[in-house]
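The values are calculated or read from the model by the stated rules, or taken from the named source; none is laboratory data. Note that the structure is predicted; figures quoted are calculated from it, not measured. Ideal geometry is used to build each Cβ from the backbone, glycine not excepted, and the neighbour counts take in all protein chains shown.
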Amino acid sequence: MDGRARVAIVGAGFMGGVHSNAVRASGEVLVGVADSNLEQATALQIRAQAERVTASATALIEAPDIDTVHVCTPNATHFGLVQAALRPGKHVVCEKPLATTAAEAAQLEDLAREAGVVAAVPFVYRFYPMVREARERVRRGEAGRLSVLHGSYLQDWLAWESDDNWRVDPAQGGRSRAFGDIGVHWVDLVEFASGQRLVRVNARLLTLYPQRQGPHGLFDVHTEDAATVNFETDGGAIGSVVLSQAAAGRKNRFSFSIDGTEASFVFDHDRPEQLWVGGRAASQVLVRSPEDLSPAAAPYATVPAGHPQGYQDCFNAFVADFYRAVRGGTPDGLPRFADGRRAAQVTEAVLASAESRSWAEVAPT
Ligand SMILES: NC(=O)c1ccc[n+]([C@@H]2O[C@H](COP(=O)([O-])OP(=O)(O)OC[C@H]3O[C@@H](n4cnc5c(N)ncnc54)[C@H](O)[C@@H]3O)[C@@H](O)[C@H]2O)c1
């Protein structure tokens, strides 16, 4: 052992690739890749130059030369795989949602605390420098009193009846899809940037098609394609978010507006290098420039102005902070299992509200 972490990636799909890039960028050793689909695992092993490959997730997780596990598999598998990693005391990055129920997410948070390991959930949008800048300015009081928090998270990849993915199936993705898959990112980000927490929600869900076309024919759909959520916060603000996985033309477009009496801050993921700062007398668009960012945001600007940073850079920053914490550091704003548990609690409140068509309280975390 040379001080570098020895890492296993479990799940070699889209996120397995993103995690492996970030692990290598952080300078850790990518020891192994596991995927129940061995072909998929082998493709990533070759691309990421991992030492070994297997179809058995638990064999890799339990291997004595592995000290950190990244869980990048479908949602319903997280609970068992994270438990398998925590039992022998390994550090864990588990993809969101941490678990498909709040009770399971709470159990994982407790187990991680008892194991004394670092356990994180990649709410990676926190790692855009302009998000950190907005957060810092709100924290310094520049927004004045916050009134309304609003925005959307829109995608289009499930817009057609013929579109299918494991996320559509509640047994694999969980009871909520649009909210559980992307709404949790938006809520985490807005709570992070505003410093306020949702205390109650009023949600409506839309399922576009009663059935979809899967590889084995038509199947019934029980998860939502779109959601609207009104909410109240513990800081006296109100807000709303619109979520959809069927908004033609929107690929991964989220935005938030944190509106205050003195300044408002708008972040738009289609222009992640910018932050709109609105004021009564004048408004301006700040463009990421390491020299001009506040000290809280500047470390996340890794290349000079005019050289755009993007999603993988956020991931690299998240993973670098995770390993900083593993080495005893205390990085600010690392999303941990408590945040994953929080997201599961908000998801359950959204589902309860939609079912009762009335306001529902978010369980205090
Ligand atoms: N943080 C983010 O920005 C972000 C973005 C996308 C997805 N995600 C999350 O990442 C996770 C994976 O999503 P994805 O888009 O990469 O999915 P994917 O379908 O592209 O990949 C999942 C992989 O897991 C494998 N797998 C399934 N069950 C397994 C098991 N029991 N053991 C080992 N391998 C198994 C599959 O064969 C597949 O290769 C999900 O929880 C999703 O919510 C997070």
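Can you name every residue in region 1-47 that is among the charged types (D, E, K, R), near the ligand (Cβ under 10 Å from one of its atoms) and buried (at least 17 other Cβ atoms within 10 Å of the Cβ)?
The answer is 35, and nothing else.
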### Message
Yes or no: region 64-74 includes at least one residue that is polar (S, T, N, Q), surrounded by fewer than 16 Cβ atoms within 10 Å (Cβ to Cβ) and within 15 Å of the ligand (Cβ to nearest atom).
### Response
no
## Note on the structure
Among (1) more than 11 Å from the ligand (Cβ to nearest atom); (2) hydrophobic (A, V, I, L, M, F, W, C); (3) within 25 Å of residue 113 (Cβ to Cβ), residue 50 falls short only on (3)
### Query
Can we say residue 149 is hydrophobic (A, V, I, L, M, F, W, C), at pLDDT 95 or above and in contact with a strand residue (DSSP E or B) (Cβ under 7 Å, 6 or more places away or on another chain)?
yes
### Query
Regarding residue 272, is this residue in a loop (DSSP other than H, G, I, E, B), away from the ligand (no atom under 16 Å from the Cβ) and in contact (Cβ under 8 Å) with a residue 12 or more places away in the chain?
no
### Summary
By residue number, the members of region 80-96 that are within 11 Å of the ligand (Cβ to nearest atom) and either out of contact with any His (no Cβ under 6 Å at 6 or more places or on another chain) or more than 16 Å from residue 341 (Cα to Cα) (or both) are 80, 81, 84, 95, 96
### Query
For the subset of region 259-313 comprising residues that are of a type in the set (Val, Ile, Thr) and under 13 Å from residue 142 (Cβ atoms), which member is surrounded by the most Cβ atoms within 10 Å (Cβ to Cβ)?
277
### Message
Just checking, does region 224-243 include any residue being assigned by TED's automatic domain parsing to the domain that holds residue 149, surrounded by 21 or more Cβ atoms within 10 Å (Cβ to Cβ) and either in contact with a Pro (Cβ under 8 Å, 6 or more places away or on another chain) or more than 30 Å from residue 138 (Cα to Cα) (or both)?
### Response
yes
### Task
Working only within region 141-169, note down all residues that are in contact (Cβ under 8 Å) with a residue 60 or more places away in the chain and either within 16 Å of the ligand (Cβ to nearest atom) or charged (D, E, K, R) (or both).
142, 145, 153, 154, 155, 156, 157, 158, 166, 167
### Task
Of the numbered conditions (1) farther than 16 Å from residue 188 by Cα; (2) touching a Gly at 6+ places or on another chain (Cβ under 8 Å); (3) hydroxyl-bearing (Ser, Thr, Tyr), residue 244 fails exactly one; give the number of that condition.
(2)
## Note on the structure
Expected single match for over 29 Å from residue 328 (Cα atoms), of a type in the set (Val, Ile, Thr) and not assigned by TED's automatic domain parsing to the domain that holds residue 237 among 100, 68 is 100
